[in-house]
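Asks: Let me give you the structure first, and then I'll get to my questions.
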Amino acid sequence: MSERMMNNWENFKPSKTLWFWSCAGTAALTMIIGFTAGGWVTGGTATEQAQASTKQAVAQLAANICTNRFNAAPDASAKLAALKETDSWKRDTFIEEGGWVTFADTQKPVAGAAELCASQLLAADTATPVKGV
């Protein structure tokens, strides 16, 4: 029986139609697996992800600078107490109005940085003045 199967396999000559549909099916299956489980994305999605990641990185950097600027202020302890007393949904506005997330040559604060800055300040729970700044 195995000899007969080997002969059948050796004598098998696929048609052009079979070749076409085999290739088309394999390509479709590869794309389906790639986009669903393989982590593939379209160029547009990759661009959106890169832009979102860039904005998040800029906001994180600005929040770190904000935290240092906040702590370097002479009245940092009083400002921290005021920040703690502020309602949670108004803390980003408190930080923005203080000017700690608005940098030179910009009209507006860095988007998303105020909320991160407030979170970092409250997590540290103490304002330590930075000497020499």
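Asks: Rounded to the nearest 500, what is the chain's calculated 222 nm mean residue ellipticity when only DSSP H runs of at least 4 contribute -39500 (n - 2.57) each, over all residues?
Replies: Details: 6 runs with 91 residues, N = 133.
-22500 deg cm²/dmol, from helical runs alone.
Asks: Please report Arg4, Arg69 as a ranked list, fewest other C-beta atoms within 10 angstrom at the top and most at the bottom.
Replies: So the residues, fewest neighbours to most, are Arg4, Arg69.
Asks: Another one. State whether region 52-124 is rounded, prolate or oblate according to the following rule on the C-alpha gyration tensor (a ≥ b ≥ c being the square roots of its eigenvalues): a/c under 1.5 gives rounded; otherwise a/b larger than b/c gives prolate, and the remaining case gives oblate.
Replies: Working: a/c = 1.71, a/b = 1.47, b/c = 1.16.
Prolate is the answer for region 52-124, as a/c is 1.5 or above and a/b outweighs b/c.
Asks: Roughly what percent of Cα-Cα pairs across the chain reach past 21 Å? Could the numbers behind the result be given before it?
Replies: On the way: 5425 of 8778 pairs.
For the chain, the share of Cα pairs beyond 21 Å comes to 62 percent.
Asks: Here is a follow-up. Could you name the lysines in cross-link range of Lys55, using Cα to Cα under 26 Å and dropping any fewer than eight places away on the same chain?
Replies: Partners found: Lys90, Lys108.
Asks: By residue number, which cysteines of the chain lack any other Cys whose Cβ falls under 4.7 Å from their Cβ?
Replies: Cys23
Coordinate-derived values only; no laboratory data. This structure is a prediction, so every number in the text was calculated from the model and none was measured. Every residue, glycine among them, receives a Cβ derived from its backbone with ideal geometry; neighbour counts consider all protein chains shown.
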